[in-house]
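What follows is a single structure, written as C-alpha cells, with notes after it.
The values are calculated or read from the model by the stated rules, or taken from the named source; none is laboratory data. Keep in mind the model is a prediction, meaning the values are calculated, not measured. Heads up, the Cβs are rebuilt from the backbone with ideal geometry, glycines too, and the neighbour counts pull from every protein chain shown. Areas reflect the complete protein model, heavy atoms only, side chains present, ligands, DNA and RNA absent. Shrake-Rupley method; radii C 1.70, N 1.55, O 1.52, S 1.80 Å.
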Amino acid sequence: MNTPLTNQPIRVGVLGFGGLGQAAAKLLSSKREMILVAVADQNGYAYSTEGLNTQSCITTYQNQGTIGHLEAFGTLSNNSIQDLIQVTGDTVDGYFLALPNLPNDFIPSVAKEFIQAGWQGVLVDAIKRTSAVEQLLSMKDELQAAGITYMTGCGATPGLLTAAAALAAQSYAEIHNVVITFGVGIANWEAYRATVREDIGHMPGYSVEAARAMTDAEVEALLDRTNGVLTLENMEHADDVMLEVAGICSRDRVTVGGVVDTRNAKKPLSTNVKITGRTFEGKISTHTFTLGDETSMAANVCGPAFGYLKAAQELRQRGISGLFTAAEIMPKFVK
C-alpha cells in the first residue's frame, strides 16, 4: 500500500491541465499537506519526486501547448496517462482527474487504465453527468479488488452542494425536493473549453456528442447569439444518483440548473442548494446553503476535490478501498 508517513505531504498528480487543472495546481502550491509531483495533458506529462513548480508548469503549457516540454521534468507522449502511471508507480498517492467529461465514458475509461496497470492509491474526480457516475458505480467491485479508493462527484455540484444537501437532510423525516441552482462567471470561456462544451451539451437541441464536435468558431457563434450567457435547466447532473445512493431521496426529487456567463468573472446569480422536507413534527421547512459570490468556480471545485482526496487517503490508511461519492463521505480540510 503506497501510504506516506503521516508527517509527510500527500503526493498528488493532476490529470488534465486546462483551466481546471491549472487552478488545481495553483491551489496545491499553497498547501502544506499536499505536494504536486505529477501532471499530464493530452500530449505529455511531467514528474518530479521533489515536487513541480506550479508557475513553470503553467508557463510551459501556455507557451508550448503541453507540459511535456517542461525543462528537466517533462516528457512528450501520445499516451500520457498510461505512461505516467508506469513511470511513477507507487510514488504518487493520489490523482485528481481534472479531465473533460466528454465523451461520457472518458473518465470511467481512465479509471480502467489505473486498474489494468495494477496501480493502487486514491482517485478523485469532479464528474458531472449522472450516466458517467453510473458507469463508475458499475465498477465498484473492480475498484475495490484493485485496491483503489475512488471518490466521484467531488467538485462544487456535484460535490460540495451534494454534501450540504445530505447534511441538511438530517433535520427531516422525509425529503420533498432538493433544488440546486448555480451561477458561474469565468470571463474567458477559452480557459475552460471542455467545461463550456459540457454545459452546451445540456442545452435544448444539443447533445454530449454534438457539443464535443463543435469547433471553437461554432462555440463562439453560439455565445455571440446568447451574449455569452448559457441558461441551463433540468440538467442531467449526478447529484441525483449520488443522493439516491446515499439514501437521502429518490433521484426524481433532485433538480439542477444554473446560469454560466462566459464573458464576465462576476457570477450572474448566487450558487445555492435548497432542501425542502417534512420534520418529525409534521412541519414543512426549507434549508438553504448559499456559496459566497466571491468564491470562484475553480475554488469551489478544486477545494472540495482535494478535501475528498485527503479523506480518501485516510480511508486507504485504514485499509478501505472501493467507490464512494461526495454524499457518503465528508471531505477533510487541507492545510
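Before moving on, here are some points about what is shown:
- Note on M330 and S109: the extension gain reaches 77.0 nm, defined as 0.36 nm multiplied by sequence separation minus the Cα-Cα distance.
- Percent accessible area from carbon and sulfur atoms, the chain, protein chains only, probe 1.4 Å: 48 percent
- Amide H partners (placed H, <5 Å) of I10, local residues excluded: M34, I35
- For the set F324, F289, F280, F114, the ranking by accessible area, highest first and with no ligand, DNA or RNA atoms included, is F280, F289, F324, F114 under a 1.4 Å probe.
- The stretch 91-222 - percent relative contact order, Cα under 8 Å, separation 6 or more: 23 percent
- Hz values of 3J(HN,Hα) by residue in the stretch 103-109 - Karplus curve (6.51, -1.76, 1.60), Gly and Pro given as x: x, 5, 9, 5, 5, x, 5
- Taking 0.36 nm per residue of separation and subtracting the Cα-Cα distance, full extension of the segment from H176 to T279 would add 36.0 nm.
- If R0 is taken as 45 Å, the Cβ-Cβ distance between L76 and S138 corresponds to a FRET efficiency of 0.85.
- Solution diffusion estimate, µm²/s, Stokes-Einstein, the stretch 252-307, Kirkwood Rh from C-alpha pairs, 10 °C, viscosity 1.306 mPa s: 115 µm²/s
- Separation of the stretch 12-57 from the stretch 60-77 is 12 Å, based on Cα centroids.
- Note on R251 and T49: with the Förster distance fixed at 41 Å, the Cβ-Cβ geometry gives a FRET efficiency of about 0.40.
- Take every DSSP beta bridge whose two residues both sit in the stretch 2-71; close to 40 percent of them are antiparallel.
- Label-to-label distance for N272 and T91 is 4.9 nm, based on points extended 7 Å past Cα in the beta-carbon direction.
- Subset of K112/K335; K26/K332; K128/K267; K140/K335; K31/K267; K128/K310 violating a 23 Å alpha-carbon distance limit: K112/K335; K140/K335; K31/K267
- Placing dummy labels 7 Å off each Cα toward the beta-carbon, the span from N7 to A299 is 3.4 nm.
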